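Peer 1: Quick one: the structure is below, questions incoming.
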There are 6 protein chains.
Amino acid sequence: MNVADMNWRDVEAAAAKDPRCILPIGSTEQHAQLSLCVDMILAEKVATDAAAPLGIPVFPVMPYGLAPYFNAYPGTICLRVETLMSVVRDIVASLRRSGFRQILIVNGHGGNNPVGALAQELLSEYGDISIKFHNWWNAPQTWAKIQETDPTGSHANWMENFPWTRLAHAAAPEGEKPGVDMVQMKVSPPAEVRNMLGDGSFGGRWQRPDDEMQAIWDIGVAETRAALEGPWAELKND
Amino acid sequence: MNVADMNWRDVEAAAAKDPRCILPIGSTEQHAQLSLCVDMILAEKVATDAAAPLGIPVFPVMPYGLAPYFNAYPGTICLRVETLMSVVRDIVASLRRSGFRQILIVNGHGGNNPVGALAQELLSEYGDISIKFHNWWNAPQTWAKIQETDPTGSHANWMENFPWTRLAHAAAPEGEKPGVDMVQMKVSPPAEVRNMLGDGSFGGRWQRPDDEMQAIWDIGVAETRAALEGPWAELKND
Amino acid sequence: MNVADMNWRDVEAAAAKDPRCILPIGSTEQHAQLSLCVDMILAEKVATDAAAPLGIPVFPVMPYGLAPYFNAYPGTICLRVETLMSVVRDIVASLRRSGFRQILIVNGHGGNNPVGALAQELLSEYGDISIKFHNWWNAPQTWAKIQETDPTGSHANWMENFPWTRLAHAAAPEGEKPGVDMVQMKVSPPAEVRNMLGDGSFGGRWQRPDDEMQAIWDIGVAETRAALEGPWAELKND
Amino acid sequence: MNVADMNWRDVEAAAAKDPRCILPIGSTEQHAQLSLCVDMILAEKVATDAAAPLGIPVFPVMPYGLAPYFNAYPGTICLRVETLMSVVRDIVASLRRSGFRQILIVNGHGGNNPVGALAQELLSEYGDISIKFHNWWNAPQTWAKIQETDPTGSHANWMENFPWTRLAHAAAPEGEKPGVDMVQMKVSPPAEVRNMLGDGSFGGRWQRPDDEMQAIWDIGVAETRAALEGPWAELKND
Amino acid sequence: MNVADMNWRDVEAAAAKDPRCILPIGSTEQHAQLSLCVDMILAEKVATDAAAPLGIPVFPVMPYGLAPYFNAYPGTICLRVETLMSVVRDIVASLRRSGFRQILIVNGHGGNNPVGALAQELLSEYGDISIKFHNWWNAPQTWAKIQETDPTGSHANWMENFPWTRLAHAAAPEGEKPGVDMVQMKVSPPAEVRNMLGDGSFGGRWQRPDDEMQAIWDIGVAETRAALEGPWAELKND
Amino acid sequence: MNVADMNWRDVEAAAAKDPRCILPIGSTEQHAQLSLCVDMILAEKVATDAAAPLGIPVFPVMPYGLAPYFNAYPGTICLRVETLMSVVRDIVASLRRSGFRQILIVNGHGGNNPVGALAQELLSEYGDISIKFHNWWNAPQTWAKIQETDPTGSHANWMENFPWTRLAHAAAPEGEKPGVDMVQMKVSPPAEVRNMLGDGSFGGRWQRPDDEMQAIWDIGVAETRAALEGPWAELKND
C-alpha cells in the first residue's frame, strides 16, 4: 500500500501489526528513448505490486541516485555517494522510529549499489533491525527469466522497455544495436561514455513483445514479494 | 511537463530553447487524517499545473524533507539539515550541467526553508545561474487568498485538504479545533508536540468546500507560473 | 551576565539554579556605511540587556554566519550552511553538558534562519532540552514598532543604525534611497547584487533620530526578556 | 614496483614515462583461522606481482575497509562508507597531482565495492583521468578458475588460504563446513552473523593443496596484469 | 584596526593597499578562577595591539575552539575538530574573496593546533595565498620571557592572569599549586581530568605582579607584530 | 605482535588478557632520496619492536596522512584533515568494539598532529577508554638523543636515514645542506616549498653512521615501550 494513501494513524497501525515496510529507490538518468525516470518508475511499481496483497506500506520512491557515467546526457541527475548514504541513513532512522524493524529496500538502479553496503553498516549500528537490499531486476529468478528471454538485456534496451516506461512520442528504434565495450565504458569519463553509447542504450533490441515483458514483470513482482516474506534476521527485541 | 514524460533528448532540446526548469520539494510527514504525502503532492501538482502551458520541465519531486517536530508521529520521515542541503546541492549541479540556468524550486513544506539559504549559497558558488525559492502556499497572493478564506489556514487543517490530498477512508472530523500554542510547540521535543497536537492539525476547521479550495489552488498555480516568468538574474553568459 | 565575566564555578552555579542560558549569533557582512559587525553587535547587546536583571549567562556571540548574497562586498565573511549547522550543534551539546536545559538563541541576522530548523532537529535528537530561536528584530512587538516608526526598516538602513553600530568616521548619507527590487535581488548572484545595491542599504533613510531608535531598542530588549521568561517545553527530566 | 622502494624522483620519472599506477585496497577483518589481514595481503601481493614486469608503481595498500557484518569478531576494523570514500577521493587527487592518469584500484575485499561507484564519480569530476576498479578474485578468468577448482570458494575458506595468508600457529580445520544461508546472513546484525558463522568461514573446505592455489594465483596475477594493459579511456589531454 | 570599527569600503580600501589581515581564534573553556573567555580575550587583544600601528584589519575573534579535555567543567564549549576546520576553511575563503593574500591567524589556545595543519592544506588548495599560524604565547621570544619569569607558566595559572582576564569577584588563590601529571591527564577522559585538576589550573602560582605580566605582554605584542611583518610567501600573482 | 600474524581468536584472547593495543600511523610523502614510505616504515617498526616482548597487538599502519606542503613532489599522498579524522575515529571505534581500552597511537609524521586533538575528543566521547598519542621521534628521551647526536636532525635528513628506510639505488648525497628557512617554508604554497627545498631534505647531513642510528633507534623503541606501560587513565568500568 502506498504511503501516499495512508495517514499517520494508518502507518502506526501497520507498524504495530507487521514489522515490515518497503523503501523503493530509483534514479533519474538517460534511458535512450525511454523516460528519464525508468528506474524510479520500475522500483516503485514492482514494490507496490509486490506489497499489495500483503498490505505492507511502500514509502515514496527516492527519485535520485548515483549516475555519474551519464552526466553528459541532459536530464541526468547525479548525487554524490555520500549524499545518497546520508539520505538512506536518515530515512532508515525514521522508519525505525516509526516502529518498523524489517525494511526492504527495493532498488531499481545498478549504480545505487553502495546503498547495499550502507544497509550492512546500519545493521551494525542499530543491532535491532533487519534490512534487505533487493535489486529487483537481477534477483536470481528475474535475471534468469531475462536471460532466457534475450541475453542482451541491459540498461535502456528492451529490458527496461515496459508499457509503463515508454513515451508515446518516442518510438523505440527498429533493429538491434551492437553491444558496447563495457570495460572501456566503465573506465571512461562521461563525455567519452556519450561518444561510445550514442542514444544511450547498451545494445541489443530496443523493444520486445509486451507479453514477454509481462512475463518478466510477473516474476519480478513474485520474487520481490518473496523477499518480503523472508528470511529476516532473528532479532532479540522483537 | 513532467520529466517522467521526457527522455534525455527532450530535456536537451528543452534546455537549448529555454533556460528554465522546476524542482519541486516536499515532505513525508503527519498531516492529521490527510495523506502523509500532502506536501510532496501539492508541490509537484502546483509545479506541474503552473508549467504546463509553458512547456517547462518539472523534475521529480523530492519526497523527503525536514520535519523533526513530527518525529513522534509514525510515517514521518525526517532528513537532517545537512542531508537535504547535500541533495539540493547535487541536483542543482546536475540541472546546471544539463543546461538549465534559471531554476525554480517549488517548495511545499515550511520546514524546508533552509533550502532557500542554500539557494543563495549556490548563486554565489556558481555565479552563472539564477535560482528562485518559491514557497507556493505563502507566496503573497496565495497567502492573501487563504487569509481571506479563513485566517486559521495552517498545517494539516482545511488549508491542505484538497481533493488530491484526502484519503477516501479517512473523513475529516467535523467542527473546529482550538488553535495550538505555536510558541510553546516550537520549543518542545517531538513527544511533547504530539501531546499538544493530538491528531496533528494545527487547529481550525479540517475541511472547507471544494470550490473555495479550487479558488485558492487557481491562485497558487497562477502565482507559481508568474514566478517562472520572472524576474530572473541578468547573467553575463546567458 | 556575559560569560566573559564568569568563571566555570559561576556557570556551574548558574546552571544549578536556573536552566536557562543565551547564545547570541550574528554575522560579519556589509552594512553600508555602518560597521561590518552590526549583526553581532546587536545580537550580543540585546541579549546582554535582556538577561541582565535575570542573571542569566550570555555566551560569546558567534560572529560569523550565512551571508552569501553579500560576497561581492569585501569584509563579508560567509560560512556554508553545513558549517554553521555544525557550530551550533556542537555549542548546544556543550551547553547541555554544562547543565542548561532551556537555551535561547538570539539571532541578529536574517540569513541565519536555518539555525531555527536545526534547533528543531536538536529538540528531537535530545528530547530533554528546550531551544527557542529568537530573531530579535522581527519578533512581533519589535517588528510592529519598527513598522510604526518607518515601514522602510530593513538591512543596513536606519533600522540597524544605532549609536552602537555607527562608525564615527562614516556619517550616514542624507536623504532617502529608493527601495531595491527584493525579488530580483534574491535570485541574483553576488556581483549582480552589488550592482543593484550600490552602497549596500536596502533603501529608505540611512538614519533616524536617536530617541526613535532607543524606543525600538527598549521594546527589542523587553521582548527578548519575555522570550527568556517563557514558554518553554515541559520536560520530563526537569 | 612498490612505492616503498621508490623515492619522489623515481615516481616523478615513472609518471613521466607511463600514466599508470596501482592503488591496492584491502580490509582488516575476521578470516576464520587465517590472518586478519588476508584481504590487504592478497590485494597488495597480486598488485605487486602483476606490476613487476611492467615497472608500474604500486602504492601502499589501504589496510582498512568496510566490514560491518563482522563487527562482532574482535580484530575487525570497520570504516563507515563515507570515510572510505573520503580516503579514496583524496588519494586519487594526489595520484593525479603526481602525474598519473590511469589508475588501477586493485580491491581485495567484496565489502569495498562502493569504491567502484566512487571511481565513476571521480571520472566525471575530473574528466581527464581513467580509473579501473578491479576485484582481483572475481575477475572473469580468476573466478572461472576458482569455480572450476571448487565451487564453494568464498570468504575465509580455502579460496583465501594461500601460503602467504596462513598462520603457522593456526592450522586449518579438517573436513568441510556446511554452507551458510547467505540471504539470512546479509539481513542480520553482527551478533547474529557471528552466531551463524561460528569460526567465520562461509563453508566448504578450509584448505586445498598448494599447487591448486598457485594455479589460481597465477591466473589472478595474469588477469590483473591484463587489466593494467587496457583498455583505458581515450583522454583528450593525454 | 578592529573590523567592528570598519565598514565594507574601509576593508576594500585596506585590502587594496595591503594584502595582510588577522583572524584571531580563541576558546571558551575553564580557566580556574579566571574568565571562561581568557583565550579569546588574549588572542583578540594581542592581535589588536600588534596591528594597531600598522592599520591592518583584525577580524572578530572566533570565540569557540577545541577543548574536549575540559568537558566536565561547566561553561566549556567544545567544537569537534571537523567543525573548527569547516569554520576556518570558510573564513579563509571569505578573506581571500575580500582581497587579502597574507593571513595571520593569531591563536590563543593550544587545543586549536589542528588549525595549523588546515592552514597548510589551504596553502596547497589555493596556491595564491600565504597563511601564518601564530600561537602568540609560545612563539619563541614570548615563551622565553615566560620561562624566564617563572618556568611553571601554563594553562589557567599566573601565565594567563592578566588585568584583562581576571574577574573582580574571584580573587586568585594564594600560594602555589603542585604541578599536575600532564602525561596522565592527556590520556584521561574529562571526568578524570576534573578529578586531577580540581580548580582547573595546571599548577604553580595563580598570579604574579602586574609589571611582570605587562613585560610578557609587550613581548607578545611585539612578536605578533613581527609575524605580521614577515616573512610571507612569494606569490606569483601578487 | 603484528595483527597480520593473528586471527580473530588471537585478538579476542589478547583483548581479554590485556586492554592495550597499538595503532601506528604514517605518511607517504617525499623524503629526499629515501623511501617515500619512511614515516609509515618507522612508525610500524618502532611499534612492532616496542610491543614484541609484551605480546601486545600492533594493527596495520595507516599509510597515508597529512602532507599538503609536499604536494608539489610526485608520490606524495595527502589526505584532508577531515578525512584522517574520520579514519582514526572509525578505527578507534573498532578497537574499542574489539575489547581494547588502552590504545597507543604511534605516529611517525609530524603533519599528523591533529590526530592528537582527535584523541582528546574521543576520550570525551567515550569516557571509558584511554588513548595515548605518541610521536615516537620527538618523545623526550628520543629527541634528546637526536639532539645530542646532531642538532640538525629533521625531515628527510640523516635523522630518518635508517638501514630500513634507505633505497639501494639512491645513495645519500655527501656533505651538508644548509638549513631551510622554516618560517618562510611554513607560509608558502607547495610549488614554493619545492623551490626552497630542492631535493626535499630540511638540511644538514643526509646520513650518519649506522651505529649512531641504532643507538637512537634503541632509545626510540624503549621509550615507545615505556609509553605502553603507562600511565593510562583510571577507568571506572575496567
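Peer 1: Return the only residue of A:ARG166, A:ARG97 being within 30 Å of B:TYR73 (Cβ to Cβ) and either among the small types (Gly, Ala, Ser) or surrounded by fewer than 21 Cβ atoms within 10 Å (Cβ to Cβ) (or both).
Peer 2: Answer to the check: A:ARG97.
Peer 1: All but one of (1) under 15 Å from A:ARG205 (Cβ atoms); (2) buried (at least 16 other Cβ atoms within 10 Å of the Cβ) hold for A:GLU174; which doesn't?
Peer 2: Tallying (1) under 15 Å from A:ARG205 (Cβ atoms); (2) buried (at least 16 other Cβ atoms within 10 Å of the Cβ), A:GLU174 fails exactly one: (2).
Condition check ((1) within 14 Å of chain F (Cβ to nearest Cβ); (2) within 30 Å of F:ASN71 (Cα to Cα); (3) of a type outside the set (Phe, Trp, Tyr)) across all residues:
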| residue | (1), (2), (3) |
| --- | --- |
| E:GLY111 | yes, yes, yes |
| E:ASN135 | yes, yes, yes |
| E:PRO190 | yes, no, yes |
| E:GLY198 | no, no, yes |
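Peer 1: Which of the residues spanning region A:208-217 are of a type outside the set (Phe, Trp, Tyr) and in a helix (DSSP H, G or I)?
Peer 2: A:ASP210, A:ASP211, A:GLU212, A:MET213, A:GLN214, A:ALA215, A:ILE216 - these are the residues of region A:208-217 that are of a type outside the set (Phe, Trp, Tyr) and in a helix (DSSP H, G or I).
Peer 1: When you go through (1) touching a helix residue (DSSP H, G or I) at 6+ places or on another chain (Cβ under 8 Å); (2) of a type outside the set (A, V, I, L, M); (3) under 20 Å from E:GLY116 (Cα atoms) one by one for F:GLN141, which number turns out not to apply?
Peer 2: The number of the failed condition is (3).
Peer 1: Collect the residues in region F:1-30 that are closer than 18 Å to F:SER130 by Cβ and more than 7 Å from chain D (Cβ to nearest Cβ), keeping them in residue-number order.
Peer 2: Those that are closer than 18 Å to F:SER130 by Cβ and more than 7 Å from chain D (Cβ to nearest Cβ): F:ALA14, F:ALA16, F:LYS17, F:ASP18, F:PRO19, F:ARG20, F:CYS21, F:ILE22, F:LEU23, F:PRO24, F:ILE25.
One line per residue, one yes/no per condition, for (1) among the small types (Gly, Ala, Ser); (2) over 26 Å from D:ALA13 (Cβ atoms); (3) touching a strand residue (DSSP E or B) at 6+ places or on another chain (Cβ under 9 Å):
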site: F:HIS134; (1), (2), (3): no, yes, yes
site: F:GLN141; (1), (2), (3): no, yes, no
site: F:ASP150; (1), (2), (3): no, yes, yes
site: F:ALA156; (1), (2), (3): yes, no, yes
site: F:THR165; (1), (2), (3): no, no, yes
site: F:ALA171; (1), (2), (3): yes, no, yes
site: F:LYS177; (1), (2), (3): no, no, yes
site: F:SER201; (1), (2), (3): yes, no, yes
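Peer 1: If you don't mind, there's one more thing I want to ask. Among the residues of region C:1-30, what is the count of those that are outside any helix (DSSP H, G or I), over 21 Å from the mean Cα position of the chain (by Cα) and surrounded by 23 or more Cβ atoms within 10 Å (Cβ to Cβ)?
Peer 2: 2
Peer 1: Given the criteria modelled with pLDDT under 95 and touching a helix residue (DSSP H, G or I) at 6+ places or on another chain (Cβ under 9 Å), does D:MET1 qualify?
Peer 2: yes
Peer 1: Can you tell me which residue in region D:36-59 is farthest from the chain's Cα centre (by Cα), limited to those that are assigned to a loop (DSSP other than H, G, I, E, B) and buried (at least 24 other Cβ atoms within 10 Å of the Cβ)?
Peer 2: Among those that are assigned to a loop (DSSP other than H, G, I, E, B) and buried (at least 24 other Cβ atoms within 10 Å of the Cβ), it is D:PRO57.
Peer 1: Another question, if that's okay. Only one of (1) surrounded by 24 or more Cβ atoms within 10 Å (Cβ to Cβ); (2) at the interface with another protein chain (Cβ under 9 Å from one of its Cβ atoms) fails for E:GLN33. Which number is that?
Peer 2: Of everything listed in (1) surrounded by 24 or more Cβ atoms within 10 Å (Cβ to Cβ); (2) at the interface with another protein chain (Cβ under 9 Å from one of its Cβ atoms), E:GLN33 misses just condition (1).
Peer 1: Please go through region B:218-238 and pick out each residue that is touching a residue at least 60 places away in the same chain (Cβ under 8 Å), among the small types (Gly, Ala, Ser) and assigned to a loop (DSSP other than H, G, I, E, B).
Peer 2: B:ALA233, the sole residue that qualifies.
Peer 1: To continue, here is another question. Given the residues F:ILE129, F:ILE91, F:ILE103, which is the only one that is modelled with pLDDT of 95 or more and more than 13 Å from chain E (Cβ to nearest Cβ)?
Peer 2: Residue meeting the stated conditions: F:ILE91.
Peer 1: Select from region A:141-162 the residues that are assigned to a helix (DSSP H, G or I), in contact (Cβ under 8 Å) with a residue 24 or more places away in the chain and closer than 15 Å to A:ASN107 by Cβ and write down the one among them that is nearest to the chain's Cα centre (by Cα).
Peer 2: A:GLU160
Peer 1: Then there's this: Go through A:ALA222, A:ALA226, A:ALA233 for me and flag whichever is within 11 Å of chain D (Cβ to nearest Cβ), at pLDDT 95 or above and within 19 Å of A:THR142 (Cα to Cα).
Peer 2: A:ALA226
Peer 1: Related question: For region B:189-235, enumerate the residues that are basic (Lys, Arg) and over 21 Å from B:LEU36 (Cα atoms).
Peer 2: B:ARG225
Peer 1: Something else: Can you find, within region E:181-217, the residue that is surrounded by the fewest Cβ atoms within 10 Å (Cβ to Cβ) among those that are among the acidic types (Asp, Glu) and free of Cβ contacts under 8 Å to residues at least 24 places away in the same chain?
Peer 2: E:ASP211
Peer 1: To continue, here is another question. From the set of residues in region B:67-78 that are assigned to a helix (DSSP H, G or I) and of a type in the set (Phe, Trp, Tyr), which is nearest to the other protein chains (Cβ to nearest Cβ)?
Peer 2: The extreme case among them is B:TYR69.
Peer 1: Please determine, by comparing only the residues of region D:79-88 that are assigned to a helix (DSSP H, G or I) and farther than 24 Å from F:ALA72 by Cβ, which one is farthest from the other protein chains (Cβ to nearest Cβ).
Peer 2: Out of the qualifying residues, it is D:LEU84.
Peer 1: Separate question: Take D:ASP150 and decide whether it is in contact with a Phe, Trp or Tyr (Cβ under 7 Å, 6 or more places away or on another chain), at pLDDT 95 or above and more than 22 Å from D:CYS37 (Cα to Cα).
Peer 2: Criteria met by D:ASP150.
Peer 1: Further question: What number of residues within region C:113-126 satisfy the criterion of being part of a helix (DSSP H, G or I), more than 18 Å from C:CYS21 (Cβ to Cβ) and at the interface with chain B (Cβ under 7 Å from one of its Cβ atoms)?
Peer 2: 5
The values are calculated or read from the model by the stated rules, or taken from the named source; none is laboratory data. Given the structure is predicted, the values throughout are model-derived calculations rather than measurements. All Cβ positions, even for glycine, are placed from backbone atoms using ideal geometry, and neighbour counts span all protein chains on display.
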